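Let me begin by presenting the structure, written as structure tokens, before commenting on it.
The values are calculated or read from the model by the stated rules, or taken from the named source; none is laboratory data. Note that the coordinates shown come from a computational prediction; the quantities given were computed from them, not determined experimentally. We place every Cβ from the backbone using ideal geometry, glycine too, and count neighbours over all the protein chains shown.
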Amino acid sequence: MDTATESIRLGNIDLTSRLILGTGGAPSNQIIKEIIEASKAQLVTVALRRYEPRASNSLYDLLRSLRVEILPNTAGCFTAKEAVLTAKMGREALETNNVKLEVLSNDKDLLPDPFELLDATELLAMDGFNVFAYTSDDPVVARTLEQAGAQVVMPLGAPIGTGLGIRNPHNIAMIVSQASVPIVLDAGIGTASDAAIAMELGCDAVLVASAITRARDPERMARSISLATEAGFLSRHGGRIAKREWALASSPIEGVADFS
């Protein structure tokens, strides 16, 4: 079987592409169109606070014309109450129970607030939402969010927009090993190799925004990260060889002519 085409279910969405695109930082809708087509992404996140239902030629019109799934997010929320209200407005506007839940601690480091995030997750899960919870790379917090009803857990690799890559790969591997829901690496990816590493660690998908939308050539970067995501997934399922302290000849020594 070609594992690169194995589908994945996130919330109530079935996908074959394991690259999810964020639209934040894109200079224009034309650039967004180009990176979606280059990456072949099928799921795109959009901040609900930027939703303008009456706007003509809006981002939402573009995404619908491209026939991609829209994942509304609660970016810019700092309390559970604020995030829950925003999610409910998004459900009415976009007719979806899927929501990427972001509850941030402050507007400087943009790190998730685990306490407000947990409260919001519990409330939204009880209200029938499929919660995609953006969280820190803490395995305990990730496990608690799953227990609270998150259907997808999205640990960061590094703070939003930093491009620092995966700062704690062991933590990501621990989160993956204990999870019974999909794990999507979200935030911190800077280049294609970061996406490959995330998939090799066992993530089910990656979400990438700034690394693509703010790249010198967004279209090329989108294509490269798409290929890296696929390569990392194949590598993970191909099964890497064990690491060894000493060399191991790739060809057997037995039967080799002795010229000494």
Practice problem: Answer yes or no as to whether Ser226 is of a type in the set (S, T, N, Q), on the phi < 0 side of the Ramachandran plot and surrounded by fewer than 22 Cβ atoms within 10 Å (Cβ to Cβ). | Solution: no
Quiz item: When the stretch 28-74 is examined, which residues are found to be at pLDDT below 85 and in a loop (DSSP other than H, G, I, E, B)?
Solution: Tyr51, Glu52, Pro53, Arg54, Ala55, Ser56, Asn57, Ser58
Quiz item: Quick one: is Leu117 hydrophobic (A, V, I, L, M, F, W, C) and within 24 Å of Ile32 (Cβ to Cβ)?
Solution: no
Practice problem: State which residue pairs qualify: first residue farther than 23 Å from Glu69 by Cβ and in contact (Cβ under 8 Å) with a residue 40 or more places away in the chain and inside the stretch 100-128, second residue of a type in the set (Asp, Glu) and buried (at least 18 other Cβ atoms within 10 Å of the Cβ) in any location, beta carbons under 8 Å apart, and separation of 6 or more residues or different chains. | Solution: Pro112/Glu102
Exercise. Kindly provide the set of residues from the stretch 87-99 that are without any contact (Cβ under 8 Å) to a residue 60 or more places away in the chain, surrounded by fewer than 24 Cβ atoms within 10 Å (Cβ to Cβ) and either among the polar types (S, T, N, Q) or in a helix (DSSP H, G or I) (or both), ordered by number.
Key: Lys88, Met89, Arg91, Glu92, Ala93, Leu94, Thr96
Self-check item: Identity of the residue in the stretch 6-27, buried (at least 20 other Cβ atoms within 10 Å of the Cβ) and part of a loop (DSSP other than H, G, I, E, B), that ends up nearest to the chain's Cα centre (by Cα)
Solution: Arg18
